[in-house]
């Protein structure tokens, strides 16, 4: 019996990185790689991403989904994850040689492990899963198909994300050194070189380009930053470099190389770049010196931390060398000299600076920030300024974090007083909203008397908002084998989505604000109505019913 859906019937409304395609890399031994086809690399290991290093290699699928994904070694499936963000649908395979491989952004799973995780979804009535598989329950042979390529999670285009990890430590290893063998005949490129005044915080003093064979500077202490890339095929796209060194008169000052990464250290990528310049341009600028709050263990440096001393006022030869994975190097040399002058500093008074190694309480009349140790990577001036909010539904002042553009490592706690009296019904719908340089975020904080507390990992303007606007269900696609809905909210992503057919829960896939279900054995044949319920972070709920009709 075939069924179709009629028009929606509103039942209840309570409250009212484009995937950049990078270099083509072809591999002769492609039978050993997870796609069993010539490798086309979309991104390499350790590349700079938003708030993290890239932990593996991205393999192109020519814009297609559904390519078979194969295990590269024998072992057993040890972990399966289904998430709306991050890796999306992913499989971990543990191998006897002490490594674990990860296959991410899959469109679907294959075999018994996929059936196992689907059964758990329906048992728990929860689409998102992140579970260890029973040890040894799902053995796999080398070359066995475990799933199909896709675009799930935070992927911005169809591809396969592939990682190799040390099973004992959990650290990610460069797969191009083990499984994915590449041919590379082109040297990396140094596109631009910058110098920084290391007497000031990097967040208060902007980069200066090195454009002359002799560059004079007005500070005795400098650091070097570079914009560099690598190419694997002439005229094609670019990836990041593998290693970099900076020398003063042939004496090593600093080097950087990432051959293994751990998830807990990945956010330190923001300490390795000129954050402001990288945020506002399409190419990252990598620092060849260590910021005070950088705890990343993957660097080697002199006792100066990469800060170059020019105080003797002599001319010194500075040399930067970059290398790709197979050892091709490119270098740039120039001379630098401190001219003895000292320009007027733009740095803030020391008493207004927040240093990485300390904790702080920053207060204004109606707000307070609790800033833990290692929140910032370099000294940052910060003031709290309160203005009347421009939002009609605001229930607090707008609290402005007046400071330069700087990344946050450890989340800080914001405490903001509300204008709502105790017991007011709108307190149940109040959320904290942060407006940042590039994006906004909203969260449901915790009440403590007249104050709401919440944790943030970015800076901006924070205020309390009473949200009474219900989320919206739109653009329904109702087909014989497929259901799809777009769910949006005025403050961002919705908090929960549930769909039932005559009371039977259905496992909808989520990609951003799009929810999709492809009819399977769990859809009841005699179902006559579908109910979709969504809720936002403030607790506003929207319910819609769709009537099933028999053809």
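Taking the Cβ of each residue in 385, 146 as the centre, tally the other Cβ atoms inside 10 Å and list the residues starting with the fewest. Don't jump to the answer; show the numbers that get you there.
Details: 385 13, 146 23.
So the ranking, lowest neighbour count to highest, is 385, 146.
Just the C-alpha atoms of the range 189-338: what Rg/Rh do they give, with Rh taken as the Kirkwood radius? It would help to have the intermediate numbers written out before the result.
Working: Rg = 14.9 Å, Rh = 15.8 Å.
Rounded to two decimals, Rg/Rh equals 0.94.
Express in whole angstrom the spacing between the alpha-carbon centres of the range 128-162 and the range 435-465.
Distance between centres, Cα-based: 35 Å.
Would you mind getting the Kirkwood hydrodynamic radius of the range 236-294 from its Cα pairs, rounded to one decimal in Å? Kindly include the intermediate steps, with their values, before the conclusion.
Numbers: mean 1/r = 0.0760 Å⁻¹.
Value: 13.2 Å, from the Cα pair sum.
What do you get for Rg/Rh of the range 30-177 when both radii come from the Cα atoms and Rh is the Kirkwood radius?
Numbers: Rg = 14.2 Å, Rh = 15.2 Å.
Ratio of gyration radius to Kirkwood radius: 0.94.
Dividing the convex hull volume of the alpha carbon atoms of the range 439-551 by its residue count, what do you get in Å³ per residue? Intermediate values should be presented prior to the final figure.
On the way: hull volume 14.5 nm³, N = 113.
With only Cα atoms used, the range 439-551 gives 128 Å³ per residue.
Spin-label point model (7 Å from Cα, Cβ direction): what's the residue 214 to residue 453 distance in nm?
6.0 nm
Taking a virtual spin label 7 Å from the Cα of residue 108 along the C-beta vector, which residues in the range 486-524 bring their backbone nitrogen under 15 Å of it?
What the label zone holds, given the 15 Å backbone N cut-off, is 507-510, 516-523.
How long are the semi-axes of the equivalent ellipsoid of the range 350-466, defined as square roots of 5 times the Cα gyration tensor eigenvalues? Whole Å, largest first.
Details: eigenvalues 124, 37, 32 Å².
That gives 25, 14, 13 Å for the three semi-axes.
Using 0.36 nm times the number of residues separating residue 185 and residue 498, minus their current alpha carbon distance, what extension gain do you get?
Working: separation 313, 0.36 × 313 = 112.68 nm, distance 5.25 nm.
Result for the pair: 107.4 nm of gain on full extension.
If the chain between residue 545 and residue 392 were fully stretched, how many nm would it gain, using 0.36 nm times the residue separation less the Cα-Cα distance? Spell out each step's value before the answer.
Details: separation 153, 0.36 × 153 = 55.08 nm, distance 3.21 nm.
Using 0.36 nm per residue and subtracting the Cα-Cα distance, I get 51.9 nm.
Rounded to the nearest 500 deg cm²/dmol, what is the calculated helix-only ellipticity per residue at 222 nm for the chain, with -39500 (n - 2.57) per DSSP H run of length n ≥ 4?
-1000 deg cm²/dmol
Restricting things to alpha carbons, find the Rg to Rh ratio for the range 512-551 using the Kirkwood radius for Rh.
On the way: Rg = 13.1 Å, Rh = 12.5 Å.
Rg/Rh: 1.05.
Between residue 131 and residue 385, what length in nm is gained on full extension when 0.36 nm per residue of separation is reduced by their alpha carbon distance? Don't jump to the answer; show the numbers that get you there.
On the way: separation 254, 0.36 × 254 = 91.44 nm, distance 4.49 nm.
Result for the pair: 86.9 nm of gain on full extension.
Relative contact order for the range 427-501: what percent, with Cα pairs under 8 Å and sequence separation of 6 or more?
On the way: 97 pairs, mean separation 19.7, N = 75.
That works out to 26 percent.
Suppose R0 equals 41 Å; then what is the FRET efficiency for residue 355 and residue 168 from their Cβ-Cβ distance, rounded to the nearest 0.05?
Calculated value: 0.70.
Return the distance in nm (one decimal) between the two label points of a simple spin-label model at residue 312 and residue 49, each offset 7 Å from Cα along Cα→Cβ.
The two pseudo-label positions are separated by 4.5 nm.
Quickly work out the residue 439-to-residue 529 label distance, labels modelled 7 Å from Cα along the C-beta direction, and quote it in nm with one decimal.
Output for this residue pair reads 3.8 nm.
The numbers here are math on the coordinates, done by the rules we state, and not lab data. Please read all numbers here as calculations on a predicted model, not as lab measurements. Ideal geometry is used to build each Cβ from the backbone, glycine not excepted, and the neighbour counts take in all protein chains shown.
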